[in-house]
1. Out of (1) away from the ligand (no atom under 16 Å from the Cβ); (2) of a type in the set (Asp, Glu); (3) over 21 Å from SER185 (Cβ atoms), what's the single condition that is false for GLU237?
2. Among what's in segment 166-187 and is under 16 Å from PRO119 (Cα atoms) and among the hydrophobic types (A, V, I, L, M, F, W, C), pick the residue that is surrounded by the fewest Cβ atoms within 10 Å (Cβ to Cβ).
3. Only one of SER85, SER46 is closer than 17 Å to PHE212 by Cα and either of a type outside the set (Val, Ile, Thr) or more than 12 Å from the chain's Cα centre (by Cα) (or both); which?
4. Just to verify a result, which residue in segment 305-325, among those that are without any contact (Cβ under 8 Å) to a residue 24 or more places away in the chain and in a loop (DSSP other than H, G, I, E, B), is farthest from LYS234 (Cα to Cα)?
5. Could you list, in sequence order, the residues of segment 1-21 that are of a type in the set (Phe, Trp, Tyr) and at pLDDT below 95?
6. Mind counting the residues in segment 108-135 that are assigned to a helix (DSSP H, G or I) and more than 22 Å from ARG89 (Cα to Cα)?
7. Would a scan of segment 305-327 turn up a residue that is farther than 18 Å from PRO248 by Cα, within 11 Å of the ligand (Cβ to nearest atom) and either modelled with pLDDT of 95 or more or surrounded by 12 or more Cβ atoms within 10 Å (Cβ to Cβ) (or both)?
8. Given (1) more than 24 Å from the chain's Cα centre (by Cα); (2) surrounded by 22 or more Cβ atoms within 10 Å (Cβ to Cβ), identify the lone condition not met by ALA134.
Amino acid sequence: MSTPVLQVNDLKKHFPIRAGFFGGTTGYVYAVDGVSFDIAKGETLSLVGESGCGKSTVGKAVLRLFDITDGQVILDGQRIDDMPSGTLRPMRRRMQVVFQDPFSSLNPRMRVRDILAEPIRNFGLAKDAAELEAKVAGLMDKVRLPRDAVGRWPHEFSGGQRQRIGIARALAAEPDLIICDEAVSALDVSVKAQIVNLLQDLQRELGLALLFISHDLAIVEHMTHRVAVMYLGKIVEVAPKRSLFAAPKHPYTEALLSAVPVPEPGAARERIILKGDVPSPINPPKGCRFHTRCPYAFDRCRVEEPPLRPVADALGEGHVAACHLHDLPAEQNPLAGSKGAAILAHA
Ligand code: SF4
């Protein structure tokens, strides 16, 4: 098996809470608390969960926007979480990001030509002005914008076009991995679909690995290969898309999926409304972190944290979940079957 483009091992990011005149640490926000996954060349892994679950913090940690508390981030076999900034620079080129808000992430005082030329120059990817100009033109072609639009300013474009410029800027660095942090969340439905299609085409053409961070499972269902579900700083389930959407093996995933519209007229999924709010990441619940909201919680859940481990899946391999239900006999496990299989017909 080839080396994954990205490996994240037991990643932790605990933000200190400081108080008082001397700013002493009074506690921690356990934003990310032991997250592991990998992404292969040409693969999309979606990281999903409610707002505040830690998924964007994972993306920022991978990008080394801050130091992590513990764990490892490995890019193409090289550990980057403890790399000094001088050595890190060429590795930074290989992982780029597309943010949610294309307007605020593009410098309004730079024309598109300069926005795209900047990473090419910074990373020394063109030997002269002619090659630079050719690369900028090629990027416009890749994101399906007219070449003559390079002289325009960001405010002269629509939201979808600005996101294409954001993608072109990410591609300008010739990366192996692109982190899309809610990259289509702010767009209209039809524009969302166009940007998702563009990302898929670019992935096929360039073999890009994509970490797609999103709360929108309907979009995720269309574009991902695998899904990792996060709850309160931890991954609770990882599976290939078809397995996860057909037969979720964690009660939290089951509840998230119940809110995704079924694309067949007349078809309906029973909506599971979770009780209560997401607990504070400052003081996460003992045992299973989901037990305060889980409709199936039993005594063991309140005292013992379930590990992420392989679970039986009729559709194939590679399905892991962190839930004690899978230690029960199948007839007592509400997630043992494939209750969502009907959805597969539309995948
Ligand atoms: Fe629910 Fe218990 Fe499974 Fe946690 S371990 S998800 S509380 S059934």
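The values are calculated or read from the model by the stated rules, or taken from the named source; none is laboratory data. These numbers come from a predicted model, not from an experiment. Note: ideal-geometry Cβ built from the backbone for every residue, glycine included; neighbour counts use all protein chains shown.
1. Every condition holds for GLU237 apart from (1).
2. ALA173
3. Numbers: SER85 fails: closer than 17 Å to PHE212 by Cα.
Criteria check complete, one pass: SER46.
4. GLU317
5. Let us first name the residues in segment 1-21 that are of a type in the set (Phe, Trp, Tyr), namely 15, 21.
Scanning segment 1-21 gives a single hit, PHE21.
6. Of the residues in segment 108-135, 7 are assigned to a helix (DSSP H, G or I) and more than 22 Å from ARG89 (Cα to Cα).
7. Within segment 305-327 (the criterion being farther than 18 Å from PRO248 by Cα, within 11 Å of the ligand (Cβ to nearest atom) and either modelled with pLDDT of 95 or more or surrounded by 12 or more Cβ atoms within 10 Å (Cβ to Cβ) (or both)), the answer is yes, since at least one residue qualifies.
8. (2)
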